[in-house]
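Novice: Mind looking over this structure? Questions follow.
The values are calculated or read from the model by the stated rules, or taken from the named source; none is laboratory data. Every value quoted in this text rests on a predicted model; they were computed, and no experiment measured them. Counting neighbours? That spans all protein chains shown, and the Cβs are built from the backbone with ideal geometry, glycine included. Each accessible area value is taken on the protein alone, full model and side chains, heavy atoms only, with ligands, DNA and RNA left out. Shrake-Rupley method; radii C 1.70, N 1.55, O 1.52, S 1.80 Å.
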Amino acid sequence: MDETVAEFIRRTVLKIPRDEIKMMLQKWGFLSEVQLQTVNFHQIKDNISQEVVQLCEENSADIKQAAALDIIYNHSYQNKRMWSVYQMKKSGEELEYFDITDFKKKFKRRLQSALKNVTITFKEYEENAIWIRVAWGTPYKKPNQYKPSYVVYHSQTPYVFISASVLKSNMPLLCQALIVASNYHEIREMELRSHSLNSLKDIVFKRYSQNFPTYTTKPLQEVNVEPENADIRIVHENRSEKERIHRLNQEVFGSGPQPKLEFAQYRLETMFKSDPKLDVLDKKEPFRCLVKFSSPHLLESLKSLAPAGMADAPLSPLLTCIPHKARNYFKIREKKGLFPESFVSP
Amino acid sequence: HLATSLPLPSEREHLRPRIDLVVFMIDIKTKYSLKNVETSLARVDASFFLGKVCFLVTGVGRVNACSIETNAICKLGESYCSPVLFCELELEGIRVATAQRLLRMLQICAGHIPGVSALSFVSLMRNSDYD
């Protein structure tokens, strides 16, 4: 077995938390149950990984199997990576039957014709999700297994989720291979990024709870905002205001859990408006400014701003449009014309 | 009666009993809280400041999260001639003790304690501050 393969497997096993190593090796399926029984999974990880490498040596593991283990690890810990969303477009309306073998063949062929030193691994998961792992090399160097790119493609949709490696120069090639393999015409990067892959899927597949406007002829029931077991001796003076905020929040955010995003970024290219007498940059040139909101769970925190009394309801549409517009990166420019308000560029 | 700010909404005017004590709660972790209280103070009738107003500062247990200086709050208490209480709501012992203190103050302000008026009580508290 190749030295580099052994080292790669050893390091991959070390990444896995001790309690999960056995389960992941079982999922991998490369080592038999008998072999796994011989490993003591209660010792320190260093020793566990050494034993695993020994067994892989016995089975003559090659880079293909090692890459498969890496996919399994990254699928389990997908939220450790930062994912971007790409949308593909077809030129015509042709409804083509998706053939996975054909896809894989075309993808491999396209990449390998441009770059001989690549390691390409595929794995299929539920909901028609195809995971692709690509380790990149150069014409003179073998692929770097420690900085792979990951692609998740749901074959029934035009969306691709990519977790690029640091080697960004390979992106155009990767995108090209994707559209060729999937019979699409073009691909563009959406302004949507997050660590939570499932949340990105929720947003673009529209799986989160959206609120649809309902028109009722009778007035809506008064919403009871306080929990049932609240002390009846406590009187909330601002109850109607609280209920108004709750209702507005429901209308904007819906009643279900929000997709998980970590930040929203707004790049302002608007004019700084100040008192002309102060002579501070007033309308002379755009005031370049970047506003970034970060949070462990941005949308839930935005949802709780008004009920917590931290912001007025309704919230700015710039914040609330994030899931509907499927983006968390915005460029705000001056609107040219009679009414110089800012507007959001596509 | 709990309210987020003053003035109180007019729609509940007829349901409101006589107000004996106004406690302004300031969360030491948010500057916004102090600002809100300062704005609301302007809406209080002057007669309340004769012993029927008190400031309750919460969140003092989390020293690292303080956004407001205690000096500023003490100055506020002085300028409005009203006592300032400090407490930490997350600790049950302190929460209960503070509630008992407030209840005692309320009893005095409502005139339930013979021989002690709201005004005499507050001047008692003020003298002890200067010791």
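Novice: Looking only at A:K273, A:K64, A:K80, which one moves most when chain A is put into a Gaussian network model with springs between Cα atoms under 10 Å?
Specialist: Among A:K273, A:K64, A:K80, the largest mean-square fluctuation in the Gaussian network model of chain A belongs to A:K273.
Novice: What residues qualify as long-range amide H neighbours of B:K29, i.e. H under 5 Å apart, gap of 5 or more or another chain, H built at 1.01 Å from N?
Specialist: B:S67
Novice: While we're on this one: Using only the alpha-carbon atoms, what does the stretch B:3-48 span along each of its principal axes? Please give whole angstrom values in decreasing order.
Specialist: Projected onto the principal axes, the Cα atoms of the stretch B:3-48 cover 35, 23, 15 Å.
Novice: Here is a further query. If I build a Gaussian network model for chain A, linking alpha-carbon pairs within less than 10 angstrom, which residue out of A:R133, A:R327, A:R109 has the largest mean-square fluctuation?
Specialist: A:R109
Novice: Run lengths n ≥ 4 of DSSP H only: what is the helix-derived mean residue ellipticity at 222 nm for chain A, with -39500 (n - 2.57) per run over all residues, to the nearest 500?
Specialist: Counting only the DSSP helices, I get -10500 deg cm²/dmol.
Novice: Apply 1/(1 + (r/R0)^6) to the Cβ-Cβ distance of A:S169 and A:R247, taking R0 = 35 Å, and write down the FRET efficiency to the nearest 0.05.
Specialist: Plugging the Cβ-Cβ distance into 1/(1 + (r/R0)^6) gives 0.10.
Novice: Right, something else. Tell me the relative contact order for chain A as a rounded percent, counting alpha carbon contacts under 8 Å between residues six or more apart. Don't skip to the answer; put the middle values down first.
Specialist: Details: 488 pairs, mean separation 46.2, N = 346.
Rounded, it is 13 percent for chain A.
Novice: Which shape class, rounded, prolate or oblate, goes with the stretch A:3-78 when its Cα gyration tensor gives a ≥ b ≥ c as root eigenvalues, a/c under 1.5 marks rounded, and past that a/b bigger than b/c marks prolate?
Specialist: Rounded shape, in that the Cα axes give a/c under 1.5.
Novice: Ok, one more. Under the Kirkwood approximation for Rh and a Cα-based Rg, what ratio Rg/Rh is obtained for chain A?
Specialist: Details: Rg = 26.0 Å, Rh = 24.3 Å.
Expressed as Rg/Rh, it is 1.07.
Novice: With springs only between Cα atoms under 10 Å apart, run a GNM on chain A and tell me which of A:H236, A:H75, A:H42 wobbles the most.
Specialist: Looking only at A:H236, A:H75, A:H42, the largest GNM fluctuation is found for A:H236.
Novice: Rounded to whole Hz and in sequence order, give me ³J(HN,Hα) for the stretch A:185-197 from the Karplus expression 6.51 cos²θ - 1.76 cosθ + 1.60, θ = phi - 60°, writing x for Gly and Pro.
Specialist: 9, 8, 9, 9, 7, 8, 8, 9, 9, 6, 7, 8, 4
Novice: Under 5 Å between amide H atoms, partner at least 5 residues away or on a different chain: which partners does B:V22 have, H built in plane at 1.01 Å?
Specialist: Sorted by chain and number, the residues that satisfy this are B:V53, B:C54.
Novice: A further question follows. Output wanted: per-residue J couplings in Hz (rounded whole) for the stretch A:7-22, from phi through Karplus 6.51 cos²θ - 1.76 cosθ + 1.60, θ = phi - 60°, x for Gly and Pro.
Specialist: 5, 5, 5, 4, 5, 5, 4, 4, 5, 6, x, 3, 5, 10, 4, 4
Novice: From the alpha carbon gyration tensor of the stretch B:18-128, can you work out the equivalent ellipsoid semi-axes (sqrt of 5 times each eigenvalue) and give them in Å, largest to smallest?
Specialist: With the √(5λ) rule applied to the stretch B:18-128, the semi-axes are 23, 17, 12 Å.
Novice: Now, a different point. Over the residues of the stretch A:244-333, compute the C-alpha Rg and express it relative to 2.2 N^0.38 Å.
Specialist: 1.31
Novice: Here's a follow-up. With a 1.4 Å probe and every protein chain kept in, tell me what percent of the accessible surface of the protein assembly as shown is carbon plus sulfur.
Specialist: The C+S portion of the solvent-accessible surface of the protein assembly as shown is 54 percent.
Novice: A further question on this structure: Helix A:239-253 sits at what angle to the longest principal axis of chain A, using alpha carbons and giving 0 to 90 degrees rounded to 10?
Specialist: 40 degrees
Novice: Something else now. Spin-label point model (7 Å from Cα, Cβ direction): what's the A:K90 to A:K64 distance in nm?
Specialist: According to this spin-label approximation, the distance is 3.2 nm.
Novice: Can you list residues from other chains, or at least 5 along the same chain, whose modelled amide H is less than 5 Å from the amide H of A:N238?
Specialist: B:T4
Novice: Moving on to the next point. Distance check, please: which entries in A:K80/A:K331; A:K64/A:K123; A:K15/A:K116; A:K104/A:K260; A:K123/A:K201 exceed 21 angstrom between their Cα atoms?
Specialist: From the list (A:K80/A:K331; A:K64/A:K123; A:K15/A:K116; A:K104/A:K260; A:K123/A:K201), the Cα-Cα distance tops 21 Å for A:K80/A:K331; A:K15/A:K116; A:K104/A:K260.
Novice: Rounded to the nearest 0.05, what FRET efficiency is calculated for A:K27 and A:K292 with R0 set to 35 Å and r the Cβ-Cβ distance?
Specialist: After rounding, the FRET efficiency stands at 0.40.
Novice: Now for a separate question. Which ³J(HN,Hα) values, rounded to whole Hz and listed in residue order, are derived for the stretch B:56-67 from phi using the Karplus coefficients 6.51, -1.76 and 1.60 in 6.51 cos²θ - 1.76 cosθ + 1.60 with θ = phi - 60°, glycine and proline given as x?
Specialist: 10, 9, 10, x, 6, x, 8, 4, 6, 9, 5, 10
Novice: Additional query: So for each of B:85-97, A:150-162 I average, over its residues, the number of other beta carbons within 10 Å; can you give me the resulting order with the highest mean first?
Specialist: Working: B:85-97: 13.8, A:150-162: 19.1.
Sorting B:85-97, A:150-162 by mean packing, highest first, produces A:150-162, B:85-97.
Novice: Now for a separate question. Tell me, what is a quarter of the convex hull surface for the C-alpha atoms of the stretch A:83-204, in nm² with one decimal?
Specialist: Its average projected convex-hull area is 7.5 nm².
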